[in-house]
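Accompanying notes for the structure given below.
Laboratory data are not the source of any read-out in this text; all were calculated from the coordinates shown. As the structure is a prediction and not an experimental result, all values here were calculated from the model. Note that each Cβ is placed from the backbone with ideal geometry, even for glycine, and that neighbours are counted across all protein chains shown.
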Amino acid sequence: MREDWVKCRFEDLLNYEQPTNYIVNSTEYDDSYETPVLTAGKSFIKGYTNEKDGVFNNLPTIIFDDFTTASQFV
């Protein structure tokens with residue numbers, strides 16, 4: 001590690017929030033709907049939903065998949 005770098009704990013740099021409140025109920029996506037359903041994976045946009053509850057609007061944010069370690073900056 002370079003001498004001019006500072007060691008920090010990950011949780012001191014970013015706020016983590018469980019995605020449970022933002023998981024859509026339906027998998028019936030339609031391009032005519034307004035709200036994108038996002039994933040940290042390669043596809044990024046899984047589709048669009050018409051659901052109004054549980055929409056995350058605190059942007060910018062990082063979506064992180066703890067299983068694959070994939071991430072997306074939104």
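Go through the chain and name the trypsin sites (Lys or Arg not before Pro) that are in a DSSP coil and have 16 or fewer other Cβ atoms within 10 Å of their Cβ.
Counting only loop positions with at most 16 other Cβ atoms within 10 Å, the trypsin sites (Lys or Arg not before Pro) in the chain are R2, K7, R9, K42, K52.
Given the rule -39500 (n - 2.57) for each run of at least 4 DSSP H residues, summed and divided by the residues of the chain, what is its mean residue ellipticity at 222 nm, to the nearest 500 deg cm²/dmol? Please report the intermediate quantities before stating the final value.
Working: 1 runs with 4 residues, N = 74.
Mean residue ellipticity at 222 nm (helix-derived): -1000 deg cm²/dmol.
Could you identify which residue out of D31, D53, D12 has the top mean-square fluctuation in a GNM of the chain using Cα springs shorter than 10 Å?
D12
Among residues other than Y48 whose Cβ falls under 15 Å from its Cβ, what is the net charge (Lys/Arg +1, Asp/Glu -1)?
Neighbour charge sum, excluding Y48 itself: -3.
For the chain, modelled as a GNM with alpha-carbon contacts under 10 angstrom, which of F44, F56, F64 fluctuates the most?
Fluctuation is largest for F56.
Taking the Cα centre of the chain as origin, sum charge times position over the Cβ atoms of Lys and Arg (+1) and Asp and Glu (-1), and report the length of that vector in debye to the nearest 20.
Dipole about the Cα centre, nearest 20: 220 debye.
Taking Cα Rg over 2.2 N^0.38 Å straight from the coordinates, which label in [x] 1.47; [y] 1.38; [z] 1.23 is the correct one?
Correct label, based on the coordinates given: [y].
Hey, what do the phi angles of segment 15-25 turn into as Karplus ³J(HN,Hα) couplings, whole Hz, using 6.51/-1.76/1.60 and θ = phi - 60°, x for Gly and Pro?
8, 9, 9, 4, x, 3, 6, 10, 8, 6, 7
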